[in-house]
Amino acid sequence: IYTEVNIIVQNPLVSVIILTWNGKDLLQECLSTLASQTYPEKEVIVVDNGSTDGTIQFLRERWGSQVSRIIENPVNVGFAKGNNQGIHASRGDYIAILNNDTKADPLWLEELVRAAESHPEAGMFACKILLAHDPTLLDNVGHLLYPDGLNFSRGRMEKDLGQYDREEEVFFPSGAAALFRRVLLEDIQGFDEDFFIYGDEPDLGLRAWLRGWSCLY
């Protein structure tokens, strides 16, 4: 007796968190590129840090059907706390954080999830970030920790000649665009909210490493 069994493989849900503060003019392009992603299983959460430029009204009128949730803070609570709010409100197995001034390549989420599913030992995933005003130049390709204790953007201001077009280990991803496993963020309890802005990414990366997680670019 032969039988056919149809197995449906469900793509893991990715929660994309966009933190914004008076960024209404930036969000249209950012959200448009998210809407064009080839990866289907995603939810978009926008955390607004007390904007006064009409951001909330704009989101409701233009993007109400595609933004899963809008979190409204009466004041600017900073990068770490704002992203933590988005993480707590999210449902995805993977959490992507994205700056409001970014434009995501259509394959951005698909390639990050492919890498994550292929490398279960890694919990953080960095991606190639190019400068908006000159896409031939790199903003960063992940971060490294140097002997003097400082961290710097790898590849900063280099011409993108394909020299970083390979998967490799880095210290931690840029907070401008990154993917994390939910289990990692739960393990280290998210971002340290003592950091209002700056310092939050290396702190999170270091705590993740100390817990045995690695970062893949």
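What follows draws every value from the coordinates through simple rules; no lab data is involved. Source: prediction; values computed, not measured. Neighbour counts run over all protein chains shown; Cβ positions are idealised from the backbone, glycine included.
Please identify, among Ala176, Ala115, Ala132, the residue showing maximal mean-square fluctuation in a Gaussian network model of the chain using a 10 angstrom Cα cutoff.
Looking only at Ala176, Ala115, Ala132, the largest GNM fluctuation is found for Ala132.
Go through region 68-114 and name the chymotrypsin sites (Phe, Trp or Tyr not before Pro) that are in a DSSP coil and have 11 or fewer other Cβ atoms within 10 Å of their Cβ.
Nothing satisfies the criteria.
Any chance you could tell me what percent of the C-alpha pair distances in region 174-217 go past 11 Å? All intermediate terms of the calculation are to be shown ahead of the outcome.
Numbers: 622 of 946 pairs.
Counting pairs separated by more than 11 Å, the tail of P(r) holds 66 percent.
Return the loop-located trypsin sites (Lys or Arg not before Pro) in region 139-200 (DSSP other than H, G, I, E, B) with at most 11 other Cβ atoms within 10 Å of their own Cβ; answer none if there are none.
Taking region 139-200 and a limit of 11 other Cβ atoms within 10 Å, the loop trypsin sites (Lys or Arg not before Pro) found are Arg166.
If you build the Cα gyration tensor of the chain and take the root of 5 times each eigenvalue, what three semi-axes come out, in whole angstrom, biggest first?
Gyration-tensor ellipsoid for the chain: 25, 24, 19 Å.
With the contact rule set at Cα under 8 Å and sequence spacing of 6 or more, what percent relative contact order holds for region 128-217?
Once divided by the residue count of region 128-217, the mean separation gives 27 percent.
As a test of the definition: which semi-axes, in Å, follow for region 1-119 when you take the square root of five times each eigenvalue of its alpha carbon gyration tensor? Largest first, please. Don't skip to the end; give the middle numbers.
Details: eigenvalues 190, 42, 35 Å².
Whole-Å semi-axes of the equivalent ellipsoid: 31, 15, 13.
For region 1-147, with only Lys/Arg (+1) and Asp/Glu (-1) charged at the beta-carbon, what is the dipole magnitude about the Cα centre, in debye rounded to 20? Display every interim value, and only then the final one.
Numbers: 10 positive and 18 negative charges, 63 e Å.
With Lys and Arg at +1 and Asp and Glu at -1, about 300 debye.
Return the loop-located trypsin sites (Lys or Arg not before Pro) in region 1-96 (DSSP other than H, G, I, E, B) with at most 14 other Cβ atoms within 10 Å of their own Cβ; answer none if there are none.
Those satisfying the criteria are Arg91.
Ignoring everything except DSSP H segments at least 4 long, calculate the 222 nm mean residue ellipticity for the chain; use -39,500 (n - 2.57) per segment, divide by total residues, nearest 500.
Rounded to the nearest 500, the figure is -8500 deg cm²/dmol.
Express in whole angstrom the spacing between the alpha-carbon centres of region 69-117 and region 144-217.
Each part's Cα centre sits 15 Å from the other's.
Using θ = phi - 60° and the Karplus curve 6.51 cos²θ - 1.76 cosθ + 1.60, what whole-Hz ³J(HN,Hα) does each residue of region 201-214 get, with Gly and Pro shown as x?
Values per residue, Gly and Pro as x: 6, x, 4, 5, x, 5, 5, 5, 4, 5, 8, x, 8, 10 Hz.
With all pairs of different alpha carbon atoms counted, what Kirkwood hydrodynamic radius in Å does region 81-190 show?
With all distinct Cα pairs of region 81-190 included, I get 14.9 Å.
I'd like the Karplus ³J(HN,Hα) series for region 69-77: coefficients 6.51, -1.76, 1.60, θ = phi - 60°, whole numbers in Hz, and an x wherever there's a Gly or Pro.
7, 10, 9, 9, 9, x, 9, 6, 9
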